[in-house]
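This report concerns only the one structure given below.
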Amino acid sequence: MPNPSRYAPTASRVLGVAAAGVLVVSVLSIVPALERAQHAQSVPATTTIALALPPAPVNATAPTEDWRTVQVRSGQTLGSLFADLGLPASAMHRVLQVPEVGQLAARLRIGSELAFDIAPDGSLRGLRFDTDETRRIELAVTEAGIERQIIERPLETRTVVASGEIRSSLFADGARAGLSAPVMNSMVQALQFDIDFAQDLRAGDHFQLVYEELWREGERLRDGGVVAVRFTNQGRTFTALRFERNGNREFFDLDGRPLRKNFLRTPIEFARVTSGFGSRRHPVLNRIRMHRGVDYAAPIGTPIFAAGDGRVTFAGWQSGFGRTVILDHGNGITTLYAHMSRLGAYRVGQRVRQGTTIGYVGMSGLATGPHLHYEFRVRGVHKDPLRVTLPKPEPLKGPLLAEFRRATAPALAQLERIGDVQLAER
Ligand SMILES: [Zn+2]
């Protein structure tokens, strides 16, 4: 977990980048409001179908609509919403015949909006609501029956660029400068195998970033993920380019080598190494013996991750180790996770992917406090998991590499352009 008070990207400079293929150019600005204002200017005006503002009646003979928008509050049901508007229960039972209304009633979310078209005589003429981010249902209720209209509201992805310099803390000041937490997390995820964002950042580190924004009907909904990032950490520059392989989005370096390593350096969340590899006095047995793994102190219940893809070869109790899981990763490599409070949902023989939760931190077996005891063995020989050097994953080859180059060229060009402007301004 990065220390929020130490290093921060501050808005180093405002860039006048007008790159081809960039729909919206945004820069980390000292005044986030200015950045948002720039967004607004560069967006063509489009009509938004807001629940509260229905489109005008299509013909003169259509009765005037009277839509009322209500926001669901805690404890409300579809029945109480109808009652509050003076609508009879029979009206609700009629619209409940529409499957989407049934689904809506079954899981009515606090804060979601429904719009009711109510006739002067108090009867229900229409109902409008969103089933999800991209789909809106509109019902026209008449004597004859209920007409259902589905309005598709497709999401649009736009590419945005940003850059910044680390002055104190990545997350705290990144947020202040206008980068959302999801974008920061996406950047950390892309580079987590090369940079330890909790310990490695220094003032003067800097980055360029290409990420996505999701828009709908001319309205910015939220940020998407990072497409490309270049991060200079203590003088070393790392580049991560997103590319989809076999339906999975992964990050690769400039040569098309996956950034994801075969093993996580730290198979636990929010960990703190309390006992390193090597000789020490055993805290319970109180005598010197080789400590064959790494201990990570963490609260009971903290998820423990599979360090790499593998197969479960043991999941149960071992004397001294308590609740233990052992994974076989092939090539003679096994990992062991001990003192769990609870085992994960995986049984012996099952395959697990890297990062899967295989258990939870505890103090079962011989342990003085809650911690994960983690071992890494190569052909039965214990290795220091923090130091062991592992073969790099294979780079993309042949047609896949060509496809990677083609697919990532635009984002790479965007990164280069931000970098050029920064250099020119130095
Ligand atoms: Zn240990």
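The values are calculated or read from the model by the stated rules, or taken from the named source; none is laboratory data. No experiment lies behind these values; they were computed from the predicted model shown. All Cβ positions, glycine included, derive from the backbone under ideal geometry; neighbour counts span all protein chains shown. Heads up: the accessible areas ignore ligands, DNA and RNA and are worked out on the full protein's heavy atoms, side chains in. Shrake-Rupley method; radii C 1.70, N 1.55, O 1.52, S 1.80 Å.
Scanning region 110-137 for residues that are open to solvent by 40 Å² or more (accessible area, probe 1.4 Å) and either assigned to a strand (DSSP E or B) or among the β-branched types (Val, Ile, Thr) (or both) returns Ile110, Glu113, Arg125, Asp130, Thr131, Asp132, Thr134, Arg135.
Going by what's in this entry, would Ile304 be described as outside any loop (DSSP other than H, G, I, E, B) and modelled with pLDDT under 95?
Values: outside any loop (DSSP other than H, G, I, E, B): yes; modelled with pLDDT under 95: yes.
The answer is yes for Ile304.
Residue count for region 230-259, restricted to those that are crowded, with 18+ Cβ neighbours inside 10 Å, touching a residue at least 60 places away in the same chain (Cβ under 8 Å) and not aromatic (Phe, Trp, Tyr): 7.
Sort out for me the strands (runs of 3 or more DSSP E) sitting completely within region 151-245 that have 3 or more residues that are under 17 Å from the mean Cα position of the chain (by Cα). Explain how you work it out, then say what you get.
Details: elements: 156-168, 206-216, 219-233, 236-245.
By residue number, 206-216, 219-233, 236-245.
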